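Some notes on the structure that comes next.
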Amino acid sequence: MGKQPAALLEELRQKMIRLQREIERYSNTPVRFSGETKEAILTGERHRLARELHDSVSQQLFAAMMMLSALRSVADRDPAQAELSKQLDTIQKVINEAQAEMRALLLHLRPTNLEGKSLKQGIIQLLKELQTKITIEITWQLDDIKLNPAAEDNLFRIVQELLSNTLRHAKASSLEVYLKQLQDMVVLRMVDDGVGFDAKQASSNGNYGLANIKERAAAMGGTAKVVSVVGQGTSVEVRVPLSKDVAHD
Ligand SMILES: Nc1ncnc2c1ncn2[C@@H]1O[C@H](COP(=O)(O)OP(=O)(O)OP(=O)(O)O)[C@@H](O)[C@H]1O
Ligand SMILES: [Mg+2]
């Protein structure tokens, strides 16, 4: 204490100048600053969740499957246990579905950037990985398109979300994936022949996957169109104009 009011005022003034400078510094780079931090936090959190799910739930499901198959081999040998065999079948189906759901969740949670790979390479890697996990016939036609890294990551994440949907919801036997450059447009299209759904109902369910895709497309100045027919399948087409922001610089 004991300071003169003038000195206090001067101190305050200096402090305000410092704060003002700091605010200017942040507000000059607001989008990147908050964007990167948020992405970094999200990536860390994704890693942690994926690890935990993998180490706990996946292992337990695997153990349950092992115990079940031991039980089954006993029950299957005894004709008097036909009813039990049937119930074990049902349990096996439930566990299988839970495992598929887990795999999809892990796919959903995996780190999501391209890590230096081209968009085409990244997508092919995802598709091959998917083929080792479920029986589905996947065909693809992918142009080797070079966009700026942020746009490539955006499209890559869109593909991940769509694959996770196909895996979790579609029960499809085939999937087609296209990435094409048409004049000044990039077109990404994924078509499955699965169970389909009512797009109007899905958008009011509070799920964020498809909404996220639309937001990502819109952020690049593009659009995402979902067409789904119950019993026939689902097609999602994302169109992004090759504007200055999106094209490779
Ligand atoms: N390829 C698909 N085949 C069948 N149904 C689908 C397909 N894609 C989406 N759906 C349906 O649309 C709904 C909404 O999908 P969306 O991706 O928005 O959410 P979600 O996958 O349920 O949850 P998340 O928020 O984890 O993505 C799904 O719950 C599912 O019923
Ligand atoms: Mg989804």
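For the pair Ala219 and Asp78 in one chain, pulling the backbone fully straight at 0.36 nm per residue adds 44.6 nm over the alpha carbon distance.
So what's the angle, to the nearest 10 degrees on a 0 to 90 scale, between helix 149-165 and the longest Cα principal axis of the chain? Between helix and principal axis, roughly 30 degrees. If you bin all the Cα-Cα distances of the chain at 10 Å, starting from zero, the percentages per bin are 6, 22, 27, 18, 11, 8, 5, 2, 1, 0.
In this label model, Gln201 and Ile91 are separated by 3.2 nm, measuring between points 7 Å along each Cα→Cβ vector.
FRET efficiency for the Ala247 to Arg51 pair, using the beta carbon distance and R₀ = 45 Å, is estimated at 0.75. Our coupling estimate for segment 215-231, obtained by passing each phi through the Karplus curve with A = 6.51, B = -1.76, C = 1.60 and θ = phi - 60°, is 5, 4, 5, 4, 4, 9, x, x, 9, 10, 10, 10, 10, 9, 10, 4, x Hz, Gly and Pro reported as x.
Roll a 1.4 Å probe over the protein chains and send me the accessible area per residue for the chain in Å².
Details: 16010 Å² over 249 residues.
Per residue, the chain has an accessible area of 64 Å².
Ligands, DNA and RNA left out, the accessible area of the chain computed with a 1.4 Å probe is 56% carbon and sulfur.
Do you know the relative contact order of the chain, to the nearest whole percent, from alpha carbon pairs under 8 angstrom that are 6+ apart?
Numbers: 288 pairs, mean separation 35.9, N = 249.
RCO, the chain: 14 percent.
Each stretch of four or more DSSP H residues adds -39500 (n - 2.57); spread over every residue of the chain, this sum gives -19500 deg cm²/dmol at 222 nm.
Computed over segment 127-189, the range of Cα coordinates on each principal axis works out to 35, 20, 18 Å, biggest value leading. With 20 Å as the limit, the listed pairs Lys117/Lys146; Lys146/Lys225; Lys120/Lys171; Lys200/Lys225 have Lys146/Lys225; Lys120/Lys171 beyond it between alpha carbons.
Restricting the calculation to Cα atoms, every distinct pair contributes to the Kirkwood radius of segment 118-241, found to be 14.6 Å. Summary value for segment 72-183: 31 percent relative contact order, contacts being C-alpha pairs under 8 angstrom separated by 6+ residues.
The values are calculated or read from the model by the stated rules, or taken from the named source; none is laboratory data. This one's a predicted model, so the numbers in the text were calculated from it and none came from an experiment. All Cβ positions, glycine included, derive from the backbone under ideal geometry; neighbour counts span all protein chains shown. To get the accessible areas, we keep the full protein, side chains included, count just its heavy atoms, and leave off ligands, DNA and RNA. Shrake-Rupley method; radii C 1.70, N 1.55, O 1.52, S 1.80 Å.
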